[in-house]
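Everything below concerns the one structure shown next.
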Amino acid sequence: MMGKEDSMENLSLEDDEKFTSISKSYSNYRSAMTCLSDSHHPLSPSIVDDSNDPLLVSSIQSSAIDDHDVEQFQNPTIISPPLNLEYLNITVSDPHKEIQASPSIVPGTNTYVTYLITTQTNLPDYGGTDFTVRRRFKDIVTLSERLSEGYRGYFIPPRPDKSIVESQVMQKQEFVEQRRLALEKYLHKLAAHPLIKKSDELRVFLQVNGKLPLPTTIDVASRVLDGAVKLPKQLFGESGNLIVPQDVVHPAKGGRDLLRLFKELKQSVANDWGASNSSIDEEDKDFLKNKERLHNLEQQLSNASKQAESLVKAQQDMGDTIGELGLTFIKLTKFENERATVNTQRERAADMKNVATAAVKASRLYRELNSQTVKHLDILHEHLSLMLGIHHAFSDRSSALLTVQTLISELSSLNSRAEKLETATSKIFGGDKSRVRKLEELKDSIRVTEDAKSCAIREYERIKENNRSEIDRINRERHVDFVNMLKGFVTNQVAYTERIGQVWSKVAEETSRYSRES
């Protein structure tokens, strides 16, 4: 394999064994379409080191490309922000393997990787400008859970997935680098959200060193254990089984909320079968239209993303093929020079060398163009990935509505029981103390449930407003992102097509005598 400082000029004309080295090096080149794992999206930037690629070596003195002319097209949509603009810049670097404090009972899981997260900001909420912390992937999961629970109805960017074979592949540097890139991109998305970037959850994550404690709301073990103890008492009337106001602002979860889950499941079945007598239903026509529109947008984005992948693959194949052609012509040039007996053979070899050099230059330009195409068209995939966050936000809305409907149904049932008990008690002369006591308990339950219903309705309305504002926000952002994407894509296509045309035009001029002779 050749080093990046070796000269292709010397290799191509002096040593036949080195031709084989070049060909192997190029054939082993792994593009952005093939070098990454299945979880890495093809439109994401390549993390492969191209230093050994013969088509990217910069030591061909006679065929060096003036990169300054191309640089102006690299990032046409990036504009330096004004000095007074708020910013929150986050980088993820320096992955470091750590050993668990206590050995794990699961083989292969006693080590993990931490990443250095560096933050620079001028946001007043952070009370400073520069921060560094070390975080592991588990901390990212905790942050994502906290944001999902604390910001219901908002379109929160989904976190990177946790690999099911992580313990087997964690040793591979490529996997660690992919995860680093994914974590950095995720944090960039959070930093771009107008509300999340100023949240206490993100600020603590970026500023406070040490282990992030799991919030009690996601402490699965204690929640299930507590629920297992309480459920029999609730079912047999030995404990309160009401949905209290402080609980309705969160979705029902297993464990402590098992009884609530059963009630909401019952209400959901009643809704599906049309047996619900709830006075509240999803009747926001604008929301339903937007929901349908976003569903259709998801389908269109999926199709566009697939076509973008096909374009990237086609451009990559074109660059690969024309590069292989150039390397083959270099070999042919060497063969002609070694066996040349007359000047015409040497002239033909020189012309062939020019064609070979042009092919290598064109291949490099194709690959640079492809790299820019990936950067611009990745916008499609970014907006497609946000759809998962949109689904979760709409699920928050449905969950909140179901809670309201459940409480209304529960309230109706309590009122009915109270009326029946009050009627039965009034028929007994002097009253029945046990029934009077039960009636008072029912009235207390009705008051608590009324309060819970009011809180649930307020939470539902809050989530509806969050949905509305987020739909407006992503519509504005999508317009800006798509305009910049199209501008950048078209500009780069034009610029690199002209550059490639100039490369071949020069060869055409150098070999124009052939057309005159014919």
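Computed over protein heavy atoms with a 1.4 angstrom probe, the accessible surface ordering of His479, His96, largest first, is His479, His96.
Residue ranking by accessible heavy-atom surface, 1.4 Å probe, largest first, among Glu149, Glu283, Glu347 comes out as Glu283, Glu347, Glu149. Accessible surface of the stretch 293-451, 1.4 Å probe: 53 percent of it comes from carbon and sulfur atoms. Here the spin labels are modelled as points 7 Å beyond Cα on the Cα-Cβ line, and at Lys306 and Arg476 they lie 3.4 nm apart.
Using heavy atoms of the protein chains and a probe of 1.4 Å, the accessible area assigned to Ser416 is about 50 Å². Too long at a 27 Å Cα-Cα cut-off: which of Lys189/Lys361; Lys185/Lys211; Lys97/Lys306? Where the Cα-Cα span goes over 27 Å, the pairs concerned are Lys189/Lys361; Lys97/Lys306. In this structure the stretch 305-370 gives 46 Å² per residue of accessible area when probed at 1.4 Å with all protein chains present. The label-point distance for Asn296 and Glu450, in a model that sets each label 7 Å from Cα toward Cβ, rounds to 4.6 nm.
Per-residue surface analysis assigns Thr129 an accessible area of about 80 Å², computed on protein heavy atoms at 1.4 Å probe radius. The stretch between Lys506 and Gln207, if pulled fully straight at 0.36 nm per residue, gains 102.0 nm over its current Cα-Cα span. The label-point distance for Thr328 and Gln345, in a model that sets each label 7 Å from Cα toward Cβ, rounds to 2.3 nm.
The figure for Lys464 is an accessible area of roughly 50 square angstrom, using a 1.4 Å probe on the protein chains alone.
Computed from the Cβ-Cβ distance with R0 of 30 Å, the FRET efficiency linking Ser395 to Glu419 stands at 0.25. Sorted largest first by accessible area at a 1.4 angstrom probe radius, with every protein chain in place, the residues Tyr154, Tyr126 fall in the order Tyr154, Tyr126.
The values are calculated or read from the model by the stated rules, or taken from the named source; none is laboratory data. Being a predicted model, the structure only gives us computed values, none of them experimental. Note: ideal-geometry Cβ built from the backbone for every residue, glycine included; neighbour counts use all protein chains shown. What goes into the accessible areas is simple: the full protein's heavy atoms, side chains included, and nothing from ligands, DNA or RNA. Shrake-Rupley method; radii C 1.70, N 1.55, O 1.52, S 1.80 Å.
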